[in-house]
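Reviewing the structure listed below.
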Amino acid sequence: MRSRVFASDNYAGICPEAWAALAEANHDHAPAYGNDRWTAEAADRIRDLFETKCEIFFTFNGTSANSLTLATLCRSYHAVICHELSHVETDECGAPEFFSGGSKLLVLPGENGKLTPAAVERMAHKRSDLHFPKVRVLSVTQATEVGTVYHPDELRALGAIVHGLGMKFHMDGARFANAVASLGCAPKEITWQAGVDVLCFGGTKNGLPVGEAIVFFDIGMAQEFEYRCKQAGQLASKMRFMAAPWVGVLRDGAWLRNAANANARAAQMDAGLRAIAAQQPLIKLLFQREANSVFASLPPSLIAGLHARGWQFYDFIAAGGARLMCSWDTTEADVEAFLADVSELAPGCRPGEHPEEYPIARH
């Protein structure tokens, strides 16, 4: 029996392509600390994917990838502009500030989890005196924390503002693959061609056992970055086992198929919930679904009933509501079973009941 989980794409196991590559790498001895053929091949395949020269480093998780990258782009007296719901603000336990020696995060609101060029420019010009940190970096999340995506034209506009202000452009791409699958574009179109200087390319949420790839499109920024990784405990001695799964998902397009399946199952979930909501007004969809998550405002008794039936999902993430996250291995049957339980339980919600006001998650 499958686990009844829509809590996070982190809950999913290792996809077959990544698993097979791990097994292939587990033969004989190989040089340590990234001096093996698997790490070299993974980096080359990433370069081919983005169709440009770039420097690539592998870390264990997204917190380290984002934090060490921002620390490289900033000095302690610099500031990073980001969305108020961004992972670097709400879920990194102060790691960006810690590793940068005190760089400040300047948070902005924005509809659908996205920032606009006008808002970024206003924040950048808010203060320029010595008593305020100097704005240095814009960090965006692709796909966003509410399941939307930045389109190429939006990113190009942000990139123009950022570089016009002499800043650097960082992208938290924990679900970058889902954004590419949603947009149907080439990866280069929403990264270096749009002005992104460095991408934290997520693997863990897309079928890998562990590991994110940090992709420096501005190669000069990558100087001595390996020392940051080593100092922060992010240099894997047996690096081949972190790199080999990347080879597995990149060599035949599994990375994109995984993301496309997760997106498709979220689309199925979104359509099903909207159909139910047409008959049950206490259920409301909160955002336009563009990637692999659906946010819905549900009555507390419905949430309790679904939890009682074994369904796992968060009801305190991002801008509120219940977050239903689909993964590379989510099936049509999984979604159908969940929707069937929603349909069965929803009519029992009390007439006077209203969805709870969910707080923004800080963990």
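The values are calculated or read from the model by the stated rules, or taken from the named source; none is laboratory data. In this text the structure is predicted, and so the values were computed from the model without any measurement. As a convention, Cβ positions derive from the backbone with ideal geometry for all residues, glycine included, and neighbour counts pool all protein chains shown. Keep in mind that these areas ignore ligands, DNA and RNA; they rest on the heavy atoms of the full protein, side chains included. Shrake-Rupley method; radii C 1.70, N 1.55, O 1.52, S 1.80 Å.
Here are a few things to note about the model shown:
- Set K104/K168; K168/K205; K104/K126; K53/K134; K126/K168; K134/K188 screened for pairs whose C-alpha atoms are more than 20 Å apart: K168/K205; K53/K134; K134/K188
- Look at where the Cα atoms of segment 197-239 and of segment 271-292 average out, and the two centres are 37 Å apart.
- Applying both filters, DSSP loop and at most 15 other Cβ atoms within 10 Å, to the GluC sites (Glu not before Pro) of segment 1-102 gives E51.
- The chain - percent relative contact order, Cα under 8 Å, separation 6 or more: 23
- In the chain, the portion of solvent-accessible area held by carbon and sulfur atoms comes to 51 percent [1.4 Å probe, whole percent, DNA, RNA and ligands not counted].
- With all protein chains kept in place, the per residue accessible area of segment 38-82 amounts to 36 square angstrom at a probe of 1.4 angstrom.
- For segment 220-280, the solvent-accessible area of protein heavy atoms averages 45 Å² per residue (probe radius 1.4 Å; ligands and nucleic acids excluded).
- Taking GluC sites (Glu not before Pro) across segment 161-231, the ones in a DSSP loop with at most 16 further Cβ atoms lying within 10 angstrom of their Cβ are E224.
- For segment 113-183 and segment 64-96, distance of Cα centres in Å: 13
- Computed over segment 3-126, the percent of Cα pairs more than 18 Å apart is 70.
- Compared with the dominant principal axis of the Cα atoms in the chain, helix 62-73 is inclined by about 40°.
- Its Kirkwood hydrodynamic radius, worked out from the mean inverse distance over all distinct Cα pairs, puts segment 225-291 at 15.7 Å.
- Fraction of beta bridges assigned by DSSP in the chain that are antiparallel (%, nearest 5): 45
- Among beta bridges that DSSP assigns inside segment 93-241, antiparallel share in %, nearest 5: 35
- Divided by 2.2 N^0.38 Å, where N counts the residues, the Cα radius of gyration of the chain comes to 1.01.
- Percent of Cα-Cα distances greater than 21 Å, calculated over segment 74-217: 39
- Segment 1-48-segment 303-335 distance, computed between alpha-carbon centres (Å): 26
- Nearest 10 degrees, 0 to 90: helix 37-50 Cα axis against the chain principal axis: 70
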